Every structure is written in C-alpha cells, then in structure tokens.
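What follows is a single structure, written as structure tokens, with notes after it.
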Amino acid sequence: MAEFAVELRDVSKRFPGPSGEIVNAVREVTLQIKDGEFFSMLGPSGCGKTTSLRMIAGFELPTSGEVYIHGKPMGQTPPYQRPVNTVFQNYALFPHMTIGENVGFGLEMKGVPKAQRTARVQQALAMVRLPGYEARRSRQMSGGQQQRVALARALVNHPEVLLLDEPLGALDFKLRKEMQLELKRLQREVGITFVYVTHDQEEALTMSDRIAVMSGGRVLQVGPAFEIYERPNCRFVADFIGESNFLDATVQDVQGPTATVTLTGGLTVYANTDLSLTRGQAVTVAVRPEKVGLRPYEGAQNAFPGRVEEIVYIGTDTHYSVMLNGDQRLRVREQNEDPYSRPLANPGDAVTVYFDQAAARVLTE
Amino acid sequence: MKTDALRRWLRIWGTREAYQGLLLVAPTLLWMTALLIIPLLLTVVISFGGRDANGDVVYGFSLANYLRLLDPLYVGILWRSVVLAFQTTVLVILVAFPIAYFVARAPAGRRNAYLFLILVPLWTNFVIRIYAWIMILRTQGVLNGVLGWAAGLIGLPFQPLDLYPSPGAVLVGMLYEFLPFMILPIFTSLEKIDESLFEAAADLGANAVRTFLRVTLPLALPGMVAGTILVFVPVMGSFIVSDILGGRNVVLVGNLIQRQFLDARDPAFGSAASIILMAMTLVVTIIYTRRFGFGEEIVRA
Ligand SMILES: Nc1ncnc2c1ncn2[C@@H]1O[C@H](COP(=O)(O)OP(=O)(O)OP(=O)(O)O)[C@@H](O)[C@H]1O
Ligand SMILES: [Mg+2]
C-alpha cells in the first residue's frame, strides 16, 4: 500500500465567478495525508476547504494538478468509483428511505447480499450508538442522531478514506463537544483515514493528528496541533489559531536561535527564530497573551514597563491590555488563581510585563 | 360532560383567530353552497326523475335512469372513458417527466423562462388550441404535408395517414391539453430535491442510472401523484377534446352527458350519468390516494 492515503500535488481549482471573473478557490495545494491519520483542514470561510475536499471525493475535478488516493492518480474517476465516502454537512440522508435503507445504500450499490447487508447495517448503527433504529425515518431523528446515521452510512462501506465537511456545524455547543470525542473514538476504532474540514480551531486542535491551515485557497502550514500553535510560520496562522500579539520590529542581531530585535518604540526584545534573518530587516514578533505575565519571575529575558489601559474579566482568566512605554500595546492573559479573582492590576496602574525569549517568535510573512 | 364540550366549543369560538378564519372562508362557503352543493343536490334529485314529451323534468323516484346505464352501449362508453383517462395519464407522465427534469436541472436563472414557455399556450383559448390540432392532423394537414415532403425527398411513395378524426387524435389532444398540469407538480418535486442527495448517492457508489431510479424517481413521486389527480379527474369528465378530435366515433361520458342535456333533452338521464361519473372518479381517486397518498408525506420531509 502506498505511503499516503491521500495526496494532492499542485492542485488548483478555478471557478467562473458570478460576473464572469475567475475565482481561484484552491491554489497550487500540495498535501500528503498519511494512512490512518486524522487530518484536518482548517481555515476561515471561503478559503477553499470544501472545494479541496470535493476534489478528493470527485464532485469537482481539479483545474490543474492531480489527486492521488493510495498512490493511484484519480484523474477523471467519478465519485462512485472512488474508494472514499463523505459525511455531508447537512447529512444528506435520503428522506424516502428508512435509516436502515440509508445505511445499507452503499452496500446495496456494491451488490452485497441482503442478509449480509442487514447484519452490517446493524453493526454500523451499533457502532454509532443507534442500535435498533433501522425502521425509523430521518425526519424522526434529532440533528445529532442524523449526524451519526450519516457517519454510519459512510463507515459501513469501509472506505479507504472518510471525508467529513464540517459534520458538526449544525449541532449545538454541548452536542458538538460530545460528538468530537465520539468521532475521535470511532476513528481510532476503525483506523480509517479521516479528512476533516472545519473552521473551528478548537475542534481541529482537539481531534487532529495533523492540521493544514488554509487561507485564500492556499495551505499555509501543515503540522500537528502543538507545532501549529507553538511554532506558527506566518502571521495569519499565529493570528487564526489562538490569539497573538504582533509587535513591529527591526532585526538587530541573530545568534543561533536567538534574535535581538528593536520594537518601533525603541524597546529591545529577545525572541526565538528558525529563519535566516538579516540585520535591519523589518519583522513581526508574535507573542501569545497567555505567555506574558504581570508577575515577576526569575529568568525572563524580556521585561518592559507599561501602563494598564483596560482589563476584561472572562471567568477563568483576566485580560489586561497594557500600553508599553515604547508605545506598543500588549495583551496579557493571567489566570484567576486568586480565590476571589482579584485582578493583579487595575486600569491606570503602572506594571511590568514579563515574557520568555521562547514566548516571542519572529515572523517575516 | 356536555357542558365541558360546550365550554370548549365556546372557548374556540371566543378566540379572535376563529372569527377571522370564519370571516375569511365565508365568501367561499357561500359560493360553494350556491354553486356547488345546491346544484349537486338538484342533480341527485333530478337523476331519479324522468322526462315528459317536451323534455321537461318530471320529478319522481325511479331507478330507471341508472338501470338504463347498464345497457352495454353505455357501459362501453363509461369503460372507454376510464381507459382513455388512464392512457392519457400514463402518456402525460411519460412526456412530462423529462421536461420537468430538464427544467428543474436547468440553471436557476433560466428556469422561470422555461416555466413561462410551458404556461404560455394556456393564454390561448382552449377550444382554439384543440382546433389547431385539426390543422395538424387532418389528411391535408401539416403533419401529412411534412411526411409527404420527406417521403418525396427520399423517393418513397406516400399515402396520407388517416389521423383525424380518431381515438389517437383524442389522446394526442388530451396529452397536449393536460401536459402543463403534470409538468408543474413534477417540477416542484424535483426542484425541492437537495443537490447533496445526488452527491450522496454518487458517493455511496450509485452511477447516474441508479441514482435516478433510487433517488430522483422516488422523490419525484409526490409530484406525479399530485399531477395524476390533476389530470385523471378532468380527463374523465372532458367532452370538448373528444368532440373536436374524435368525430362521432369517440363518445365519452362527458359527451354522453352533454348530449343528454343539449341534444336529447333528457336531463334526468344526463344527471344519472353525471352522478355515475362522479362516483367512478371518486372511487378511482380514493383507491389511488389510499395507495399513494396525495403526494404530501414525502414532500413534508
Ligand atoms: N461552484 C462554485 N462556483 C463558483 N465559485 C465557487 C464554487 N464553489 C466554491 N466557490 C468559491 O470558491 C471559494 C472557496 O469555496 P469553498 O466552499 O471551498 O470555501 P470553504 O473554505 O469551504 O468555506 P466555508 O467555511 O464557508 O464552507 C469561495 O470564494 C467560493 O465562493
Ligand atoms: Mg465549506
């Protein structure tokens, strides 16, 4: 078996737009999705996630480039001949069939005999925790249940790859959380490669082995959650996943992984970098608010005086907006460890912000 | 018990919506009573009567008119009407489906234009449109002209076809007349089908043909059911198409009834035939809707 379950090589998709212009939905995307992996495509609305997924499923054909499934180029292969199944965002259950008929549809198309089909449908429904629901109709089921039926309908065919397009989008918050765990459990159980499209970063971070962050039809960064969050490779990723402070700066000096940069306000910041930088280069320094503190601590490479402008209490944490003396604003996030959640400082107070060199990351894009 | 029911009744009537509802249906109710219920009762009463020498109704109670309908001549007419209504319905479905499918799958911007084209013929008077078919079908008509010309081109001898008047001509006229009433409900059903259902079918391994048979067709069924009621019932009672295109050889119940009132001056017999026609239509419709519903339960989903 080929090394990758799905591979996109230089895939682009252009659509004719509504007023004759060309929409570049997907641009030169190259991706390698490993066998058995839970792979997510994450990005804002309109970034080309659905289009990418539809090209894997065969509902759209690439304008250029090629999709490979287990090493086989898909070319013009129609959806019904591809070894993948899709869970649609709106579930797309057949309203004129029972749940059992829905789940058995793929097997029926493959010519699996009735008796065997019944057994496998039963098994699949048990797997998604809907045992005995065969005779129901989809309109008699809740959104979460329909979601599970859609999942069973896809998984019962043992596809090589399961494609999921925001399958939890229509569910309420609590149910979504539950289903996230359920999906992850199922994926581990069946060992099928999942390609999961979402615009919800938390969802992607919770479930995925690896994530591809997309924007404007391109893949900006691919990696495990930890890497995407801790080592974003560009401003967009640092901003889209979690929250970041961006400080404009100029490179002073680079010593191995340590970059010394000067903020536009004159402060000197020590930051980590894995880029080759030149002295005088204009860069951005990204700092996560939760990695900045107002409490002094031993060994912080960066410590700057400033004044609290605003504080926002959000339950577990309090956010402080601090104006540094060098005229740049920094958001600081401190956990409310105090039993009474008393803030560490009030608006107008002079404070010092501390952060580690490793908390600051130099970005050029 | 009784006071409870009364109280409930009063409460329902006491709500403003109930009054508004009654006000809204009142005109229709009056209209229906005056022009449907009363005439219907009159028809029933007259059907048990007879006629005098002048063709005036003699009221009474006899089953003579109904027994007369058992004459093989009339049974044949009734039977022919039912068969023709079935044939028309089946033919209309076969022709309407591809058209409805085509329109439903056309780009959204063009759909309205197509629907408009389908409805445009209805702007012309129905009788005129049926007469137009005479021009097309008669021995020196357009169709024979075109066929003769085509045969001449390839050097075949051509004998003009005897198409009009004939039962076939009646069928063609009926098809033409009732096509829009089938296209529209089927179109509505097809248009409602979520695009993703077709993709789901393809995703699960169904090619175009199987997707059509297992998804498109069953989901279009409500439209076909609604269309069937819209076509079958009026065809059962129609008389103009058969009168114009069938000549004297195609006599349907509709023609029979019409002739009793206008030519034979036997309203009592005509009334009895009307009642039987209604009963037959009702029976077929009931059997049909018992089997298929009014086509609404799938639509609701
Ligand atoms: N069939 C189409 N015709 C024209 N433009 C299209 C078509 N499908 C998608 N697009 C355009 O391509 C771009 C990417 O669309 P896509 O559906 O892949 O985005 P997405 O990342 O899935 O967004 P969302 O999170 O909103 O679902 C959008 O600008 C969209 O308008
Ligand atoms: Mg999408």
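Quick notes on this one:
- Of the candidates B:225, B:233, B:215, B:146, the single residue that is within 14 Å of chain A (Cβ to nearest Cβ) and over 30 Å from residue A:163 (Cβ atoms) is B:225.
- Unique residue being open to solvent by less than 10 Å² (accessible area, probe 1.4 Å) and part of a helix (DSSP H, G or I) when the list is B:206, B:200: B:200
- Matching residues, the stretch A:226-243, being open to solvent by 60 Å² or more (accessible area, probe 1.4 Å) and either of a type in the set (A, V, I, L, M, F, W, C) or more than 12 Å from residue A:211 (Cβ to Cβ) (or both): A:226, A:230, A:231, A:233, A:235, A:236, A:239
- Among the residues of the stretch B:151-197, the ones that are within 14 Å of another protein chain (Cβ to nearest Cβ), of a type in the set (A, V, I, L, M, F, W, C) and open to solvent by 30 Å² or more (accessible area, probe 1.4 Å) come to 0 in all.
- Where a residue in the stretch A:318-330 is without any contact (Cβ under 8 Å) to a residue 60 or more places away in the chain and its partner, wherever it lies, is open to solvent by 50 Å² or more (accessible area, probe 1.4 Å) and part of a loop (DSSP other than H, G, I, E, B), with Cβ under 7 Å and at least six apart: A:318/A:343
- The numbered conditions (1) part of a helix (DSSP H, G or I); (2) touching a residue at least 60 places away in the same chain (Cβ under 8 Å) are all true for residue B:165 except (1).
- Residue tally, condition charged (D, E, K, R), part of a loop (DSSP other than H, G, I, E, B) and open to solvent by less than 60 Å² (accessible area, probe 1.4 Å), over the stretch A:117-149: 1
Conditions (1) of a type in the set (A, V, I, L, M); (2) in contact (Cβ under 8 Å) with a residue 12 or more places away in the chain, marked per residue:
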position	(1), (2)
A:12	no, yes
A:18	no, no
A:25	yes, yes
A:30	no, yes
A:34	no, yes
A:40	no, yes
A:48	no, yes
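- Any hit, the stretch A:169-186, residues being in a strand (DSSP E or B) and either touching a residue at least 24 places away in the same chain (Cβ under 8 Å) or more than 21 Å from residue A:108 (Cα to Cα) (or both): no
- Qualifying residues in the stretch A:208-218 (those that are more than 12 Å from ligand 1 (Cβ to nearest atom) and buried (at least 21 other Cβ atoms within 10 Å of the Cβ)) - the one nearest to the other protein chains (Cβ to nearest Cβ): A:208
- Annotation note: of A:185, A:235, A:210, the sole residue that is away from ligand 2 (no atom under 16 Å from the Cβ) and within 15 Å of the chain's Cα centre (by Cα) is A:210.
- Members of the stretch A:172-181 that are surrounded by 18 or more Cβ atoms within 10 Å (Cβ to Cβ) and more than 27 Å from residue A:83 (Cα to Cα): A:176
- Residue list for the stretch B:70-91, filter: surrounded by 16 or more Cβ atoms within 10 Å (Cβ to Cβ), under 17 Å from residue B:239 (Cβ atoms) and not polar (S, T, N, Q): B:74, B:77, B:78, B:80, B:82, B:84, B:85
- Restricting the search to strands (runs of 3 or more DSSP E) fully inside the stretch A:1-116 and requiring at least 3 residues that are open to solvent by 40 Å² or more (accessible area, probe 1.4 Å), within 14 Å of ligand 1 (Cβ to nearest atom) and more than 10 Å from chain B (Cβ to nearest Cβ) gives A:4-16, A:22-34.
- Each residue in the stretch B:223-250 was checked for being surrounded by 21 or more Cβ atoms within 10 Å (Cβ to Cβ) and assigned to a loop (DSSP other than H, G, I, E, B), and 3 pass.
- Qualifying residue in the stretch A:182-198 (condition: more than 14 Å from every other protein chain (Cβ to nearest Cβ), in contact with a Gly (Cβ under 9 Å, 6 or more places away or on another chain), of a type in the set (A, V, I, L, M) and open to solvent by 10 Å² or more (accessible area, probe 1.4 Å)): yes
The values are calculated or read from the model by the stated rules, or taken from the named source; none is laboratory data. All values derive from a computational prediction rather than experimental measurement. With ideal geometry, Cβ positions are generated from the backbone for all residues, glycine too; neighbour counts draw on all protein chains shown. Please note that ligands, DNA and RNA were not included when accessible areas were found on the heavy atoms of the full protein model with its side chains. Shrake-Rupley method; radii C 1.70, N 1.55, O 1.52, S 1.80 Å.
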